[in-house]
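The values are calculated or read from the model by the stated rules, or taken from the named source; none is laboratory data. The structure displayed is predicted, hence computed values, not measured ones. Cβ atoms come from the backbone with ideal geometry, glycine included; neighbour counts cover every protein chain shown.
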């Protein structure tokens, strides 16, 4: 079945299909008027109706495949977004940890500085 689908979809390319359709209708009209073939256009109508039925079925198949591909793409995008969000949260946590470390280092440096400057002041006052 997939081979028929690919062949049919290749035939349904706009330019190819339009040429084939115009050729078919022209041959049908010439045959009808010159050779009295298909006097009530029943065979022509049947052939065009069958082609329209096949076309609608193929369009439904293509639409279903497209919808499935969109669902997969949406799921992939959701997973990628979740991964990016997890990375952003990890980055935020890491920056918060580094901020805490830097604050602790600053506080320690200030205490050491204050201890040294207070010790120098006491030593100079003596």
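Numerical summary
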item: Meets criteria (in contact (Cβ under 8 Å) with a residue 24 or more places away in the chain and either exposed (fewer than 10 other Cβ atoms within 10 Å of the Cβ) or closer than 22 Å to residue 7 by Cα (or both)) for residue 62; result: yes
item: Count - residues of the range 2-39 that are outside any loop (DSSP other than H, G, I, E, B) and closer than 30 Å to residue 63 by Cα; result: 22
item: Of all residues making up the range 40-53, the number that are in contact with a helix residue (DSSP H, G or I) (Cβ under 8 Å, 6 or more places away or on another chain) and assigned to a loop (DSSP other than H, G, I, E, B); result: 1
item: Among the candidates 82, 55, 88, 78, residue that is surrounded by 10 or more Cβ atoms within 10 Å (Cβ to Cβ), at negative phi and touching a residue at least 40 places away in the same chain (Cβ under 8 Å); result: 55
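The rows are residues; the columns are (1) surrounded by 10 or more Cβ atoms within 10 Å (Cβ to Cβ); (2) at pLDDT below 85.
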{"site": "1", "(1), (2)": "no, yes"}
{"site": "11", "(1), (2)": "yes, yes"}
{"site": "20", "(1), (2)": "yes, no"}
{"site": "26", "(1), (2)": "yes, no"}
{"site": "30", "(1), (2)": "yes, no"}
{"site": "38", "(1), (2)": "yes, no"}
{"site": "66", "(1), (2)": "yes, no"}
